[in-house]
Amino acid sequence: MNTNYISLLLLLLLGLYSCSSDDDSGTMHGPEEEYSAGAADFSNYVSVGNSLTAGYTDGALFIAGQTNSLPNILATQFSLVGGGEFNQPLTNGNLGGLLLGGNPLPGFENRLYFNGSGPARLPGMPTTDISQILSGNYNNMGVPGALSYHLVIPGYGNIAGLQTGNANPYFVRFASSPSTSVIADAVAQNPTFFSLWIGNNDVLGYATGGGVGIDQTGNLDFATYATNDITDPDVFAQMYANIVSQLVQNDAKGIVANIPDITSIPYFTTVPYNAIPLDENTADAINGAYAAYNGGLVQAQGFGLITAEEVEKRTINFSAGQNAVVLIDEDLTDLTGVNPALINMRQATEEDLIPLPVSSVLGTLADPNNPQSVIGVGVPLDDGQVLIPSEQMHVKTATQAYNATIQAVAEQHGLALVDANAILTALSQEGGVPFDEFVLNDDLVFGGAFSLDGIHPTARGYAYLANKFLEAIEVEYEATLPRLKAADYNTLYPAQLP
């Protein structure tokens, strides 16, 4: 069996994808055209959101990524029509990762880079220590990891709350006080214009965790939620309306973005369901090992415990060539009370989504001393390593509800609205989307749109989104704004950065 599956996958599936096009990303304005803010006032622009606002890319937050953050790119264009200074809580370098009291903070790793065969983490000690609190006001209020309700919680930047999970290390670093909230610090700056992109994490943690969290629909007490749960749509609606009402209270204009279908991003589409290559002899041997399991399913059908359709769905069968991985599916009938060996197991289909990090363990041994413990073959992927269709439906249902709220609130306050859902979905369609002389698609590494973490955009991806934001602002506020050029923004950061 080929245990170096992911390197082969990247070489075979992720070829360099670019082509020229006479199309551009939107209406372009010539140098002779006079730019105008229209009815908007960009003199004090404040951005609010999560990692997509902060400039997170390649699995980390670092200076180069922050420089190419969506709001910083927008602020550069706004400066040509009266926009003021735009300050960001920059990290201390380009390595990524975080320290707390000089020690690496678990779960906050260095950035990824392309090592020639796939994404890899940069080695080295981070230099950004969150215990070294910044001072001053920051226009970029993007907090990686924040859910909608986190923005309104006092103390979300209190370092004392880190151990209990009640604080966010990124906000700890630049909160104006331990007792403040993200939205309070944003509103305190009295913005004349704002952008808001929040809600992605209200479903993302559930999805990236393989659906092991809880869909909290029907539970209005967000204090009981875990970060890998799905936020109740009514809670989201209340939080979102509250956030926007505070941002517009001094007649500020603004732009909001809806939530994309996260199940279409490279984090969930890069690893194929049939990721196991086998020769005929190995396939026959594995089938022999599963013969008792398959026979037990037939017996269970004979006792009327499961249907013929479920037997077919659960039967394990390998053959020469590429094979579907074996996984646990909690939606299957529980037969372990009759026979402990008949676990809820089946092979994957095209409808199952395998998260990107699973690629590093597929085809490897769960037990180094047991050659039959190959993960995805002899050892099924567990619940947290695959997003099955029923779990995907929870994500999609919540996303649709959130987007309905975002549209309604935008219309209520006369705000510009960016359909990020449609924009990012287009990237996943065959042929991708043109951006000047390039084409962006959702391929990992060389697609141009998504960074190496498979979730966050590249610098060029953020520039593409910025152009869409500028288009929406023009429509809503009768402005005339300059566009970004694709060639000015990279898609891969080198291992070595200044």
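With respect to the numbered conditions (1) outside any helix (DSSP H, G or I); (2) more than 19 Å from T224 (Cα to Cα); (3) under 22 Å from the mean Cα position of the chain (by Cα), which one is the sole condition not fulfilled by S176?
(3)
Of these, E430, E471, which one is in a helix (DSSP H, G or I), acidic (D, E) and farther than 21 Å from S51 by Cβ? Full working, then the answer.
Working: E430 fails: in a helix (DSSP H, G or I).
Result of the check over E430, E471: E471.
Among the residues of segment 215-234, is any open to solvent by less than 10 Å² (accessible area, probe 1.4 Å), at pLDDT 95 or above, of a type in the set (A, V, I, L, M, F, W, C) and in a helix (DSSP H, G or I)?
Taking every residue of segment 215-234 in turn, none turns out to be open to solvent by less than 10 Å² (accessible area, probe 1.4 Å), at pLDDT 95 or above, of a type in the set (A, V, I, L, M, F, W, C) and in a helix (DSSP H, G or I).
Give me the pairs, please: first residue somewhere in segment 197-209 and of a type in the set (S, T, Y), second residue anywhere and open to solvent by 10 Å² or more (accessible area, probe 1.4 Å), beta-carbon distance under 6 Å, and either six or more positions apart or on two chains.
Y206/G213; Y206/N228
Just the residues that are assigned to a strand (DSSP E or B) and aromatic (F, W, Y), please, taken from segment 101-126.
In the first step, residues of segment 101-126 are kept if they are assigned to a strand (DSSP E or B); the result is 103-104, 110, 112-114, 119-121.
If the condition is that a residue be assigned to a strand (DSSP E or B) and aromatic (F, W, Y), then Y113, F114 are the ones that fit.
Do you know which residues across segment 255-274 are part of a loop (DSSP other than H, G, I, E, B) and under 19 Å from N50 (Cβ atoms)? I'd like the intermediate steps shown before the answer.
At the first step, the residues of segment 255-274 found to be part of a loop (DSSP other than H, G, I, E, B) are 258-261, 265, 270, 272-274.
Answer for segment 255-274, where residues must be part of a loop (DSSP other than H, G, I, E, B) and under 19 Å from N50 (Cβ atoms): N258, I259, P260, D261, I265.
When both residues are 6+ apart or on different chains and their Cβ atoms are under 8 Å apart, which pairs have a first residue that lies in segment 392-410 and is basic (K, R), and a second that is part of a helix (DSSP H, G or I)?
From segment 392-410, the pairs are K396/T263.
The values are calculated or read from the model by the stated rules, or taken from the named source; none is laboratory data. Note that the structure is predicted; figures quoted are calculated from it, not measured. All Cβ positions, glycine included, derive from the backbone under ideal geometry; neighbour counts span all protein chains shown. Note: areas computed on protein heavy atoms with side chains; ligands, DNA, RNA excluded. Shrake-Rupley method; radii C 1.70, N 1.55, O 1.52, S 1.80 Å.
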